[in-house]
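S.K.: Sharing a structure with you now.
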């Protein structure tokens, strides 16, 4: 048994033996019924947070205002949350307060979709008050209770519906989708960070086009920040997001997504900033876009063109750009095996692979440190990578001295 599941079971057993109800709930139950390995195992219990902490000495409150206590069991972390109902939602995203209850049904009733509103006890008995199992078998995303109420409580649930559609290749229940159209403007209240977390999960899913199709059909995209401030064509976006390259990794899929919205190498920096991307992601997306812009102008990229590109950007951006180029034009001008061979045969791939360091170059040339050092080392690196000179200290210092004279 999965060590995380084993730990969760033992925590449930201890709660049961102490007179409390306790169950696996939510996503882990859904995933177990789908024969998937859950990302985590959440527990819901009739015990209050105080009672949970008294029962488990190795525990601490991580979300006490929402009734959540984290229990350390063996070497695993288990989240235990008290059955609760929620008050009025503020700003379409968070409840004004919670009330602890002793009823499992009341707790499950507050959840977003039927497939996430099931519980399971230690014997594998399923507690399914809203026909989540039937929806799971039918491949349907359906809101618990009245869909409009669920979405007015938290507008992010509409985008999560699209994400679950992409993750599981499920369709949206017609009444649930109708409510999404009705409440679509409420997504404007969501933070960009919350939206981008869902976009990332959709792009990483097996069928991302299904999720994006939902967002387009319900017109949620038209009200989601930051896309409301972008100029984009729905037909173009729909076409591009229907054909996301499956051989791209995360960065390549994000660039494809940005390209669908007519992002260019010149605008990618500002748009990734609006998307609240990390600096690392922003730089990676920028590199892929820059390579893409250059690639489209080269019909047959040869070794002398590609190796400097590989040196400047590294393997990942080049590979992602290759996959995008292939998907856009069904032609890259070179074979994958050729690209891989060029990378593998380069004796150096970055300046630090050279047999000399900047201080040695400065000592031999006799000039004060300055931008010329970086420029000279970069040129030496390219010459070695292209096989024009060997990676030997004496030769590098000699050629480096000649290159250095070009710099004032």
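S.K.: Assuming 0.36 nm per residue, please report the length gained on full extension of the stretch residue 58 to residue 109 beyond their Cα-Cα distance.
M.R.: Full extension of this stretch gives 15.3 nm more.
S.K.: Once both axes come from the Cα atoms, what is the angle between helix 303-313 and the longest principal axis of the chain, in degrees from 0 to 90, rounded to 10?
M.R.: 50 degrees
S.K.: While we're on this one: Identify which of 26, 314, 387 has the largest mean-square fluctuation in a Gaussian network model of the chain, with springs joining Cα atoms closer than 10 Å.
M.R.: 387
S.K.: Using a 10 Å cut-off around each Cβ, can you sort 253, 280, 148 from fewest to most neighbouring Cβ atoms?
M.R.: In increasing order of surrounding Cβ atoms, one gets 280, 148, 253.
S.K.: Multiplying the sequence separation of residue 236 and residue 273 by 0.36 nm and subtracting their Cα-Cα distance, what value in nm do you get?
M.R.: 11.0 nm
S.K.: Using a 10 Å cut-off around each Cβ, can you sort 73, 315 from fewest to most neighbouring Cβ atoms?
M.R.: If I rank by nearby Cβ atoms, fewest first, I get 315, 73.
S.K.: A further question on this structure: So if I take the centroid of the Cα atoms in segment 204-228 and the same for segment 1-42, what is the distance between those two points in Å?
M.R.: Cα centroid to Cα centroid, the span is 32 Å.
S.K.: So how do 406, 188 line up by other beta-carbon neighbours within 10 Å, fewest first?
M.R.: With the fewest neighbours first, 406, 188 line up as 406, 188.
S.K.: I've got another one for you. How far, in degrees from 0 to 90, does helix 250-260 lean away from the longest principal axis of the Cα atoms of the chain, to the nearest 10?
M.R.: That works out to roughly 90 degrees.
S.K.: Which whole-number percent gives the relative contact order of segment 143-229, counting Cα pairs below 8 Å spaced six or more residues apart?
M.R.: Value for segment 143-229: 38 percent.
S.K.: Determine, from the Cβ-Cβ distance of residue 99 and residue 16 and an R0 of 25 Å, the FRET efficiency 1/(1 + (r/R0)^6), rounded to the nearest 0.05.
M.R.: My answer for the efficiency is 0.60.
S.K.: I've got another one for you. Can you give the relative contact order of segment 240-287 as a percent, counting alpha carbon pairs under 8 Å and 6+ residues apart?
M.R.: 38 percent
S.K.: Taking 8 Å as the Cα distance limit and 6 or more residues as the minimum spacing, I'd like the relative contact order of the chain as a percentage.
M.R.: Reported relative contact order: 8 percent.
S.K.: Oh, and also: Quick check on packing: order 156-164, 37-45, 331-339 by the mean number of other C-beta atoms within 10 Å, highest mean leading.
M.R.: Top to bottom by mean Cβ count within 10 Å: 156-164, 37-45, 331-339.
S.K.: Another question about this same structure. Mind listing the Cα extents of segment 137-221 along all three principal axes, in Å, largest one first?
M.R.: The Cα atoms of segment 137-221 stretch 31, 29, 19 Å along their principal axes.
S.K.: Could you identify which residue out of 57, 169, 287 has the top mean-square fluctuation in a GNM of the chain using Cα springs shorter than 10 Å?
M.R.: In the Gaussian network model the winner is 57.
S.K.: Here's a follow-up. Give the angle, between 0 and 90 degrees and rounded to the nearest 10, that separates the Cα long axis of helix 315-329 from the longest principal axis of the Cα atoms of the chain.
M.R.: Here the helix axis deviates by roughly 80 degrees.
S.K.: Tell me what the chain gives for mean residue ellipticity at 222 nm when only DSSP H runs of n ≥ 4 count, each as -39,500 (n - 2.57), the sum divided by the residue total, rounded to 500 deg cm²/dmol.
M.R.: Counting only the DSSP helices, I get -15500 deg cm²/dmol.
Values in this text are rule-based calculations from the coordinates and carry no lab data. Remember, it's a predicted structure, so these values are computed and weren't measured experimentally. Cβ sites come from the backbone with ideal geometry, for glycine too, and all protein chains shown count toward neighbours.
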